[in-house]
Amino acid sequence: MTPPALPRPAAIVWDWDNTLVDGWAAIAAGLNAAFGAFGLPQWTAEEVKARVRRSLRESFPEIFGAEWERARDIFYAEVRARHLGVLSPMPGAAEALHAGAALAPMAVNSNKQGPLLRAEAAHLGWADLFRALVGAGDAEADKPDPAPMRLALAACGVPAGMAVWYVGDTALDMQAARAAGCAAVLVGDAAHDGGVGNAMPDTVFADGHALAAHLRRLAKTPFPAGS
């Protein structure tokens, strides 16, 4: 099925985990290390994918209460020890990124901690593709608040609007796009997050390969007169 038409992107902002990279093994290990230290039940890989959405500074106080900062330190120690060793690109992600970079300035808006995000981008050789890599803690609030999107778009030199694509894999990503006044672009079927109907994107692509093909087609399309 052909995705609904969106304006040619003036900028593309990407989610990170499960949109561009698979780093779930490190996230699961970090969570379960923290849970173990507090005597809490462990989460399976499927539970991690289904439950992890918000940033740590929002979710950990709810889980760990007054000791959430100790849990945070345990989590990050485990993640830092593992994340680069288990990191891999999502199918079609590199293809989509290079197609997008030929079309518009790009940035990342992720709820992964900023230093971890930037280390992963450097590890994959992708850092130079982005004008900014905005992670959790880099703005005064985290996604879905529009504050990190504002930082990303300032680096791109582009105002918010439907000509800005925010590309993600969850309903929260689509919520973040709408909160910032940008186009909500879903990659995948969001089966881990209630499906496409729950995500309510403006348009959806089956995977990174499909998105890359669409971006390459747009790159061959002349700009409208007066743009």
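Check Tyr76 against each of (1) under 20 Å from Val167 (Cα atoms); (2) at pLDDT below 95; (3) hydroxyl-bearing (Ser, Thr, Tyr) and name the one condition it does not meet.
(1)
Would you be able to tell me the number of residues in the range 53-75 that are under 16 Å from Leu117 (Cα atoms) and out of contact with any strand residue (DSSP E or B) (no Cβ under 7 Å at 6 or more places or on another chain)?
2
With the condition kept exactly as written, say whether any residue in the range 108-120 is modelled with pLDDT of 95 or more, touching an Asp or Glu at 6+ places or on another chain (Cβ under 9 Å), of a type in the set (Ser, Thr, Tyr) and surrounded by 22 or more Cβ atoms within 10 Å (Cβ to Cβ).
The answer is yes; a qualifying residue exists.
Could you tell me which residue of the range 169-192 is modelled with the lowest pLDDT, considering only residues that are surrounded by 23 or more Cβ atoms within 10 Å (Cβ to Cβ) and in contact with a Lys or Arg (Cβ under 9 Å, 6 or more places away or on another chain)?
For the range 169-192, the residue satisfying everything is Thr170.
Scan the range 13-24 and tell me whether some residue there is at pLDDT below 95, assigned to a helix (DSSP H, G or I), under 20 Å from the mean Cα position of the chain (by Cα) and charged (D, E, K, R).
Within the range 13-24, none of the residues are at pLDDT below 95, assigned to a helix (DSSP H, G or I), under 20 Å from the mean Cα position of the chain (by Cα) and charged (D, E, K, R).
Hey, among the residues in the range 38-71 that are among the aromatic types (Phe, Trp, Tyr) and outside any helix (DSSP H, G or I), which one's surrounded by the fewest Cβ atoms within 10 Å (Cβ to Cβ)?
Phe38
State whether one or more residues within the range 202-224 are among the β-branched types (Val, Ile, Thr) and under 27 Å from Asp145 (Cβ atoms).
Scanning the range 202-224 turns up at least one residue that is among the β-branched types (Val, Ile, Thr) and under 27 Å from Asp145 (Cβ atoms).
So the check is Cβ under 8 Å with 6+ separation or different chains; which pairs have a first residue in the range 11-25 that's in contact (Cβ under 8 Å) with a residue 12 or more places away in the chain and surrounded by fewer than 24 Cβ atoms within 10 Å (Cβ to Cβ) and a second one that's among the polar types (S, T, N, Q) and part of a loop (DSSP other than H, G, I, E, B)?
Note: pairs meeting the criteria are Asn18/Thr170; Trp24/Asn18.
Just wondering, is there one or more residues in the range 151-165 that are at pLDDT 95 or above, closer than 21 Å to Met90 by Cα and not assigned by TED's automatic domain parsing to the domain that holds Arg51?
Taking every residue of the range 151-165 in turn, at least one turns out to be at pLDDT 95 or above, closer than 21 Å to Met90 by Cα and not assigned by TED's automatic domain parsing to the domain that holds Arg51.
Could you identify the single residue in Leu97, Leu103 that is of a type outside the set (Ser, Thr, Tyr), outside any loop (DSSP other than H, G, I, E, B) and either in the same structural domain as Ala180 (by TED's automatic domain parsing) or farther than 30 Å from Phe38 by Cα (or both)?
On inspection, the qualifying residue turns out to be Leu97.
Look through the range 51-71, keep the residues that are under 17 Å from Gly137 (Cα atoms) and among the aliphatic types (A, V, I, L, M), and return whichever of them is modelled with the highest pLDDT.
Ala71
The values are calculated or read from the model by the stated rules, or taken from the named source; none is laboratory data. None of the values given here were measured: they were computed from a predicted structure. Glycine gets a Cβ as well: all are built from the backbone with ideal geometry, and neighbour counts include every protein chain shown.
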